[in-house]
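Working notes, beginning with the structure itself.
The values are calculated or read from the model by the stated rules, or taken from the named source; none is laboratory data. The model shown is predicted, which means the values in this text are computed figures rather than measured ones. Note that each Cβ is placed from the backbone with ideal geometry, even for glycine, and that neighbours are counted across all protein chains shown.
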Amino acid sequence: MCIELPGAGERPRIPGAAEARDDLTRAISAGERPSEDVIDRLVLPLVDQAAPEWQSTLDAVLTLPEIGDRVGISGGLIALSVRMAAVDPRIVAAGLFAGSYVPQSIIEQAREVTIPVHMLLQWDDEGNDRQLALDLFNAFASTEKTLYANMGGHTGVPSFAAQDAARFFSRHLTPVAEEATSAPG
């Protein structure tokens, strides 16, 4: 399931987002790393608005009888996924696509994430900061975390990467039979 992010499509624009996006574009075009202020102005208002909306959506979906109680998060804006993994105990696994610029406050939130993490990084993604992605990965407090790096740019994700992500989610979201988890004797 996916819900439209604040400021996208028909939704009202987030104040200041266009200016922050322009500042980000200028910095990248000049071969510079965008300042933390620019990243914060662009990403944090979106995450602050979207996280409660996603939690409300989870509230509604989890009332459906055909939906189990184990929830994973995957894709989308990585900063939002990190926030959700840090604040919503219903999320038991996170499949993250490294990319975009991540505010330092979100990297700090990653230190609170202890659920299993499977993070895909396209090594040559021209629009993203590889070191920032590595810093984020290192920040996770999870004892089970995997960094899955592939050569190639943003659109060069190999098809087998999706299969590996599916196995990750199957391992963490499929209910385990009680007899398989109990100790003998």
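What number of residues within the range 23-54 are out of contact with any Pro (no Cβ under 9 Å at 6 or more places or on another chain) and crowded, with 16+ Cβ neighbours inside 10 Å?
So the count comes out to 5.
What's the total number of residues in the range 145-159 that are at pLDDT 90 or above and over 16 Å from the mean Cα position of the chain (by Cα)?
Looking only at that region, the number is 0.
Check Ile28 against each of (1) part of a helix (DSSP H, G or I); (2) in contact (Cβ under 8 Å) with a residue 40 or more places away in the chain; (3) within 18 Å of the chain's Cα centre (by Cα) and name the one condition it does not meet.
For Ile28, the failing item is (3).
Give me the pairs, please: first residue somewhere in the range 2-23 and more than 24 Å from Glu36 (Cβ to Cβ) and touching a residue at least 40 places away in the same chain (Cβ under 8 Å), second residue anywhere and assigned to a loop (DSSP other than H, G, I, E, B) and charged (D, E, K, R), beta-carbon distance under 8 Å, and either six or more positions apart or on two chains.
Pairs that qualify, where the first residue is more than 24 Å from Glu36 (Cβ to Cβ) and touching a residue at least 40 places away in the same chain (Cβ under 8 Å) and the partner is assigned to a loop (DSSP other than H, G, I, E, B) and charged (D, E, K, R): there are none.
List every residue pair whose Cβ atoms lie under 6 Å apart, where the two residues are 6 or more positions apart in sequence or sit on different chains, the first residue falls within the range 144-156 and is within 17 Å of Asp129 (Cβ to Cβ), and the second residue, located anywhere, is of a type in the set (Gly, Ala, Ser).
His154/Gly127
Output the residue which, of all residues in the range 66-92 that are more than 11 Å from the chain's Cα centre (by Cα) and either at pLDDT 90 or above or of a type in the set (Val, Ile, Thr) (or both), is surrounded by the fewest Cβ atoms within 10 Å (Cβ to Cβ).
Ranking the qualifying residues of the range 66-92, first place goes to Pro89.
Kindly check whether there is at least one residue in the range 100-109 that is aromatic (Phe, Trp, Tyr), at negative phi, in contact (Cβ under 8 Å) with a residue 40 or more places away in the chain and not in a strand (DSSP E or B).
Yes, the range 100-109 contains a residue that is aromatic (Phe, Trp, Tyr), at negative phi, in contact (Cβ under 8 Å) with a residue 40 or more places away in the chain and not in a strand (DSSP E or B).
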